[in-house]
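Here is the structure we will look at, set down as structure tokens.
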Amino acid sequence: MHNAALAHVGLADWRYVFLPIPPELFAETVRALPAAGFHGINVTIPHKEAALALADDATAAATSIGAANTLTFDQKSAGILADNTDAPGLLEALPQGHQPRGRTSLVLGAGGAARAAVYALLNAGAADVAVFNRTRERAERLVADLGGGRVVDAPVPAQLIVNATSVGMGALKNTPITADTVVTGSCVVDMVYSAGGTKLLEIARRRGAIGVDGLEILMTQGAASFERWTHLPAPRDVMRTAARAAEPS
């Protein structure tokens, strides 16, 4: 996805590469990357909290969420800026007419992706942000840390539902969500991506809801990272096409 975007904007000498880094070598490796010519990196689990901790500076979003998925390097000073593009990526992926302002919402999960989702919804003016997690204590900590939202003991109907669980919704038998949770005309976002879509999105569409899959979220948060590193507008259609083409069949 990123390499297709780099080629499209004419950055022929740039490459986006996969770097498997064990946790015990994360800080040491990342601090060496600016000198090696890297402009930035995306960070995934289990490194998101460590990425925020090692950064020299951080955006308000990364600080509030408590995790960073994007690091940008200053080539002159070798300084590291931490950011979180999951939050703006989620908002950008929402279809027209389904923005959070004034709407009820439900976030499933209490991990890093859920923290980004709750942060995004609160700051976008959602009327209500309900948070459900199997371990209630984690949900309570999330709400307390972000200073907003409310914890619920079971999924509640909402106009906007975001699945941010780490395991996804492939099998609804593993979660108490039911078809009644999905309100007709609502928008359901599954931050997990799976070939052909997830069971949650299948139910949502059967109920007349709008579904947004994880590949769209992947593209929007990736586009935000791309723009931070290159200072160029991300070619979103190119990135979306590349992501879809790489989706396992």
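The values are calculated or read from the model by the stated rules, or taken from the named source; none is laboratory data. In this text the structure is predicted, and so the values were computed from the model without any measurement. Don't worry about glycine lacking a Cβ; one is built from the backbone with ideal geometry, like all the others, and counts go over all protein chains shown.
A few notes on this one:
- Qualifying residue in the stretch 1-9 (condition: surrounded by 20 or more Cβ atoms within 10 Å (Cβ to Cβ) and of a type in the set (G, A, S)): yes
- Residue check, L90 without any contact (Cβ under 8 Å) to a residue 60 or more places away in the chain and surrounded by 15 or more Cβ atoms within 10 Å (Cβ to Cβ): no
- Matching residues, the stretch 160-180, being at pLDDT 75 or above and in contact with a Pro (Cβ under 9 Å, 6 or more places away or on another chain): L160, I161
- Qualifying residue in the stretch 25-34 (condition: in contact (Cβ under 8 Å) with a residue 24 or more places away in the chain and surrounded by fewer than 10 Cβ atoms within 10 Å (Cβ to Cβ)): no
- Against the test of being buried (at least 16 other Cβ atoms within 10 Å of the Cβ) and either within 19 Å of G102 (Cα to Cα) or not β-branched (V, I, T) (or both), the options A144, A126 yield a single qualifying residue, A126.
- Per the conditions (1) farther than 27 Å from V192 by Cβ; (2) free of Cβ contacts under 8 Å to residues at least 40 places away in the same chain; (3) in a loop (DSSP other than H, G, I, E, B), the sole criterion not satisfied by F18 is (1).
- Matching residues in the stretch 101-113 - criterion: being closer than 20 Å to I210 by Cα and surrounded by 24 or more Cβ atoms within 10 Å (Cβ to Cβ): S105, L106, V107, L108
- Residues that are farther than 19 Å from A204 by Cβ and either aromatic (F, W, Y) or within 13 Å of the chain's Cα centre (by Cα) (or both), drawn from the stretch 111-142: G111, G112, R115, A116, V118, Y119, A120
- Criterion applied to A82, A51, A61, A68 was being part of a helix (DSSP H, G or I) and surrounded by 24 or more Cβ atoms within 10 Å (Cβ to Cβ), and the one residue passing it is A51.
- Residues within the stretch 191-220 that are buried (at least 17 other Cβ atoms within 10 Å of the Cβ) and either acidic (D, E) or out of contact with any strand residue (DSSP E or B) (no Cβ under 8 Å at 6 or more places or on another chain) (or both), tallied: 9
Matching residues to (1) in contact with a helix residue (DSSP H, G or I) (Cβ under 7 Å, 6 or more places away or on another chain); (2) touching a residue at least 40 places away in the same chain (Cβ under 8 Å):
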site	(1), (2)
K199	yes, no
I217	yes, yes
A234	yes, yes
D237	no, no
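- Filter result for R207 (over 16 Å from L94 (Cβ atoms) and either without any contact (Cβ under 8 Å) to a residue 60 or more places away in the chain or assigned by TED's automatic domain parsing to the domain that holds A58 (or both)): yes
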